[in-house]
Amino acid sequence: MEKDRINGSEALLRCLAFEGVDTVFGYPGGQIMPVYDKLFDFKDRLRHILVRHEQGAIHAAQGYARATGKTGVVLVTSGPGATNVITGIMDAKVDSTPVVVIAGQVSNSALGTDAFQEADLIGMTGSITKWNYQVRDAKDMAWAVSRAFFIARSGRPGPVVLDVTKDAQNGMVDFQFKECGFIRSYIPCPKPSDESIAEAAMLLNQAERPFVVFGQGVTLGGAEEELRDFLHKGGIPAGSTLLGLSALASDDPLFMGMIGMHGCIAPNIKTNECDVLVAVGMRFDDRVTGTVSTYAKQAKIIHIDIDPCEVGKIIPVDVGIVGDAKTVLRELTGRIARHEHKEWIESFKACRKVEQEKVIDPQVHPHEGFIKMGEVVDAVAEASHGKALIVTDVGQNQMIAARYSRFMEGRSFISSGGLGTMGFGLPAAIGAKIGAPERRVCLFVGDGGIQMTIEELGTIMQEKAGVKIFILNNNWLGNVRQWQELFFKKRYSQTRMLNPDYAGIASAYGIRCSVVSEREALAGEVEAALSDDAPAILDIHVDEEDDVMPMVAPGKPITEIMLNGKEMYGYGK
Amino acid sequence: MASECKRYSVIIYTENQIGLLSQFSNIFTRRGLSIWSLMALPTDLQGIHYLTIVTDGEERSIRNAVLHLESKIDVVKAFFYPGDLIASPEESIYKLSEEKVKDFIRERTEEKQNYLNNNR
C-alpha cells in the first residue's frame, strides 16, 4: 500500500511502538537527525527524555529497565555520541540489564573512511553486548529491531546495539513489522533437566545445614514468590548478593542478610559451614566468594542459572541446573520435604549478635560525634517504611545503602554491581523514577560520584523527575580512602576532595536542597525531603574518615572478616 | 595449582555474520590464548559455517572460552578437543573431462622426468 512506503527512520520508530516502547532516553546529533526528525511526529506515542550527556542516557535506561522489568531504549548519534554510551553498555552486560542502544552511523559509502563522527561501534561493542548489528539498508530495519528486542529481553537479558547508517535511516521501505520469537542458534531459556532437579531435591532432603545464596536472577526471572515458598518449605536460611537485594523481604525470618566483601557476618561464615549450598541466579563474583579455593569446600554445591556459561565457571558444582529461576524453584519446591532446621537457623544468631554490637549499633545508633552514613540510610528506611526504591552510586554509599536499607517490595534496589561504575547513580535514579513514577525513588550517592554525572540535574529540572538525592558527603573518595587506610599505610594519594556548594548548584537548577550537619536535624530533614513528589537534595555532612565494616579484605577467605581497622571476627575461639 | 598448558582444537558451528570472527578472536585474546591456526568452511546447512581454531592453553581457560563462544547469539554450537589432529572422514567425487585428466598426467610425468634428468 502506498501509505506504508516509509523511510527507515519512521520504520524504526514504528517498530519501537510495536515493541511496546513508550520512553526513549537520548541525545540528538548529526548522524541520527533523520530519526529525530520523525520523532517529532511520534511525540504522542514516544516520550523522549533529553539527557545532558549520553552516559546519562544509558544509565537512565538501565535504571528504567531495572525498575520496570521493561527494556530500556537509548537513542544517540554516531562517533562521540556512541562512544559515550560504552561504559553503560558494559555495565548493562555484566549486570544483565535489557537495553537496546540505537546509534546513528555515517552513510554506507563513508564507512571505513574515518569520516566525520564515524566510530567503529560494531567493532568496539562486540565483546560487551549480547548482540550487535549494523543496519545498512532500510529493508533490514524491522528485522533488526524486532530481533534486537527479542535478544535483549529474553533469557539472560543484556544490551543490544543497533548501528544505523544514514542510508538505512533515509532509504524507503514497504513497511511490515514481524515480531521475532525464534533464532535458530539461540536458546534463551533452556528447559531444566529432570534428573538434575531430582538430584538437587535428593541432596536437599538429606541436608542438615542447607543454605541458599540468591542473586538478581530471582528478580529477572520474576521468581520472588517461588524463592520464598522454596525457602519456607525447606526451612532454608538465605543470603543475598548485592544485586539480589529486595528479591526477598528484609524482614523475612529466613533472610540472613547480604553476602560478600561488605556483607553480613552470619551468611559469610555459614557459607563455609553449610552442608548443601544452593546458588540461585547468581554467578559467584569474586566480591562474593573471597578466595575461591577456600569457598564452601565442605558443601555440596547446587547451582541454578539460566545461563549455561555460569554453571561451574568459578565454583565446581555437584549439581548444575540450567533453567530460569521461576521454573526450577517451583519444581524443586514440589520435590523437597518440609523441614525446619531450627538448630541450624538458630546458629546464625551468634554471628548476628557480634555484628549488631561491634558494627551495626555504632554505625546506625551512635550517640555522639559526626553523623554516620548508616544513620542516614536508616533514617530514609524509617521514613519510607522500607518501601522506597533505593538507587545507589558506587563506593561507601553503595555498601552502606545495601547494608542498612530495608526492602518490603521487589525491584527496590538498583546499583552498578559487576562493573562498579561511579556516576551511575544519578542518571539511573532518574530513569527509575520515570519508569516507576508511583514509587519513592531515593538515591544514595557520594560527593565523588555525584560530580561524575552531575549534569543530569538538568534532566531532573526539565523532566521534573522527583528523585530524592542523599549526598553522603565526607569530602573524600571514601572507598578508596578506606582501602588506603587499611592496605596502603594511610597514604592518602589523590582521594581528598574539595567540593562545590551543592546547595548553590541545586538552586541554579531550581531543585530544593538542605545541608544537614547536625544529628538532631537529620530525621526531620529526611521526612521533609520525602514529604512530596518534587525533586530534593540533602547534602549530608557525614563522619569524614568512617569505614564500611565488616569487611573481607580482597584475596582473603570469606570467613576472615574485619570488624574494624583492628579487630577480626573471632570465629571458632 | 596451575594446570598444564596444552594444545586444543576448538570447533565452532556459527551463522555467518559480519564481525563475528573478530569477536571470536577477542574471546581467545582476552584469556591470553594465542591462535595457532584457524580454518573456516561452509557447511551443508545454509548460512552455517564451521570453524576450527587450534590454540594452546590451560583446559580451564579453553573451557571458559568455549562456553563464552556458545553464549554468542549467532553461535549454534562450540566444543573442544585436546590436540590439533582431528580426523573428520570425508569422501568426494570429482567429475573431470578426459582431456584435463590427460593434461594433468602428462604435466606431472614431464615434471618427474625433468626432475630425474636434472638430478642424475
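Report yes if A:HIS385 is at pLDDT below 95, farther than 30 Å from A:VAL85 by Cβ and out of contact with any Phe, Trp or Tyr (no Cβ under 9 Å at 6 or more places or on another chain), otherwise no.
No, not satisfied.
Out of the residues in the stretch A:170-189 meeting the condition of being without any contact (Cβ under 8 Å) to a residue 40 or more places away in the chain and open to solvent by 70 Å² or more (accessible area, probe 1.4 Å), tell me which one is farthest from the other protein chains (Cβ to nearest Cβ).
Step by step, filter the stretch A:170-189, then rank; the result is A:LYS178.
Could you list all residues from the stretch A:1-38 that are modelled with pLDDT under 95 and not charged (D, E, K, R)?
Listed by number, the list holds a single entry, A:MET1.
How many residues, within the stretch A:433-447, are surrounded by fewer than 24 Cβ atoms within 10 Å (Cβ to Cβ) and assigned to a strand (DSSP E or B)?
Going through the stretch A:433-447 one residue at a time, the tally reaches 0.
Condition first: in a loop (DSSP other than H, G, I, E, B) and either more than 18 Å from A:ALA436 (Cβ to Cβ) or not aliphatic (A, V, I, L, M) (or both). Now tell me which residues in the stretch A:374-403 satisfy that.
Scanning the stretch A:374-403 gives A:SER384, A:HIS385, A:GLY386, A:LYS387, A:ASP393, A:VAL394, A:GLY395.
I'd like the residue in the stretch A:404-429 that is within 15 Å of A:PHE470 (Cβ to Cβ) and assigned to a helix (DSSP H, G or I) and, out of all such residues, is farthest from the chain's Cα centre (by Cα).
Among residues in the stretch A:404-429 that are within 15 Å of A:PHE470 (Cβ to Cβ) and assigned to a helix (DSSP H, G or I), the one farthest from the chain's Cα centre (by Cα) is A:TYR404.
Name the single residue, out of those in the stretch A:127-136 being open to solvent by less than 20 Å² (accessible area, probe 1.4 Å) and farther than 18 Å from A:GLY418 by Cβ, that is nearest to the other protein chains (Cβ to nearest Cβ).
Step by step, filter the stretch A:127-136, then rank; the result is A:TRP131.
So how many residues does the stretch A:246-298 have that are touching a strand residue (DSSP E or B) at 6+ places or on another chain (Cβ under 7 Å), under 28 Å from A:GLU409 (Cβ atoms) and among the hydroxyl-bearing types (Ser, Thr, Tyr)?
2
Does the stretch A:102-118 hold any residues that are away from chain B (no Cβ under 14 Å) and over 22 Å from A:GLY181 (Cβ atoms), and which are they?
Selection gives A:ALA103, A:GLY104, A:VAL106, A:SER107, A:SER109, A:ALA110, A:THR113, A:ASP114, A:ALA115, A:PHE116, A:GLN117, A:GLU118.
For the stretch A:263-281, which residues satisfy the criterion of being open to solvent by less than 10 Å² (accessible area, probe 1.4 Å) and over 14 Å from A:PHE211 (Cα atoms)?
A:GLY263, A:ILE265
Taking the residues in the stretch A:137-169 that are under 15 Å from A:THR77 (Cα atoms) and open to solvent by 10 Å² or more (accessible area, probe 1.4 Å) as candidates, determine which candidate is nearest to the other protein chains (Cβ to nearest Cβ).
The extreme case among them is A:ASP167.
Checking B:LEU38 against (1) open to solvent by 30 Å² or more (accessible area, probe 1.4 Å); (2) modelled with pLDDT of 90 or more; (3) within 14 Å of another protein chain (Cβ to nearest Cβ): exactly one of these is not met. Which one?
Every condition holds for B:LEU38 apart from (3).
Which strands (runs of 3 or more DSSP E) does the stretch B:11-120 wholly contain that include 1 or more residues that are over 29 Å from A:ILE187 (Cα atoms) and out of contact with any Leu (no Cβ under 9 Å at 6 or more places or on another chain)?
Because the criterion is at least 1 residues that are over 29 Å from A:ILE187 (Cα atoms) and out of contact with any Leu (no Cβ under 9 Å at 6 or more places or on another chain), the strands (runs of 3 or more DSSP E) in the stretch B:11-120 that meet it are B:35-42.
Listed residues A:GLU455, A:GLU438; which is more than 30 Å from A:ARG352 (Cβ to Cβ), without any contact (Cβ under 8 Å) to a residue 12 or more places away in the chain and in the same structural domain as A:LEU472 (by TED's automatic domain parsing)?
On inspection, the qualifying residue turns out to be A:GLU438.
Only one of A:VAL101, A:VAL135, A:VAL164 is under 20 Å from the mean Cα position of the chain (by Cα) and either at pLDDT 95 or above or over 22 Å from B:THR29 (Cβ atoms) (or both). Can you tell me which?
Matching residue, one of A:VAL101, A:VAL135, A:VAL164: A:VAL101.
Taking the condition within 13 Å of chain A (Cβ to nearest Cβ), without any contact (Cβ under 8 Å) to a residue 24 or more places away in the chain and surrounded by 14 or more Cβ atoms within 10 Å (Cβ to Cβ), does B:GLU70 pass?
Details: within 13 Å of chain A (Cβ to nearest Cβ): yes; without any contact (Cβ under 8 Å) to a residue 24 or more places away in the chain: yes; surrounded by 14 or more Cβ atoms within 10 Å (Cβ to Cβ): yes.
Answer is yes for this residue.
Would you be able to say whether some residue in the stretch A:179-188 is of a type outside the set (D, E, K, R) and over 20 Å from A:ASP324 (Cα atoms)?
Looking through the stretch A:179-188, at least one residue is of a type outside the set (D, E, K, R) and over 20 Å from A:ASP324 (Cα atoms).
Only one of B:THR14, B:THR52 is more than 14 Å from every other protein chain (Cβ to nearest Cβ) and within 17 Å of the chain's Cα centre (by Cα); which?
Every option except B:THR52 fails the conditions.
So which of B:GLY32, B:GLY47 ends up being away from chain A (no Cβ under 13 Å), touching a strand residue (DSSP E or B) at 6+ places or on another chain (Cβ under 8 Å) and either open to solvent by less than 70 Å² (accessible area, probe 1.4 Å) or of a type in the set (Ser, Thr, Tyr) (or both)? Full working, then the answer.
Working: B:GLY47 fails: away from chain A (no Cβ under 13 Å).
On inspection, the qualifying residue turns out to be B:GLY32.
So which residues in the stretch A:244-296 are among the aromatic types (Phe, Trp, Tyr) and within 25 Å of A:GLY312 (Cβ to Cβ)?
A:PHE284, A:TYR295
Just one of A:VAL445, A:VAL480 is touching a residue at least 12 places away in the same chain (Cβ under 8 Å) and in contact with a strand residue (DSSP E or B) (Cβ under 9 Å, 6 or more places away or on another chain); which is it?
None of the others qualify; the one that does is A:VAL445.
Hey, can you tell me all the residues within the stretch A:316-338 that are among the aliphatic types (A, V, I, L, M), within 14 Å of chain B (Cβ to nearest Cβ) and surrounded by fewer than 17 Cβ atoms within 10 Å (Cβ to Cβ)?
none
Is at least one residue of the stretch B:78-90 open to solvent by less than 80 Å² (accessible area, probe 1.4 Å) and closer than 30 Å to A:GLN134 by Cα?
yes
Of the conditions (1) more than 25 Å from A:GLU10 (Cα to Cα); (2) in contact (Cβ under 8 Å) with a residue 12 or more places away in the chain; (3) not aromatic (Phe, Trp, Tyr), A:SER127 satisfies every one except a single condition; which number is it?
Condition (2) is where A:SER127 drops out.
The values are calculated or read from the model by the stated rules, or taken from the named source; none is laboratory data. In this text the structure is predicted, and so the values were computed from the model without any measurement. Neighbour counts run over all protein chains shown; Cβ positions are idealised from the backbone, glycine included. Side chains are part of the model used for accessible areas, which takes the heavy atoms of the whole protein and leaves out ligands, DNA and RNA. Shrake-Rupley method; radii C 1.70, N 1.55, O 1.52, S 1.80 Å.
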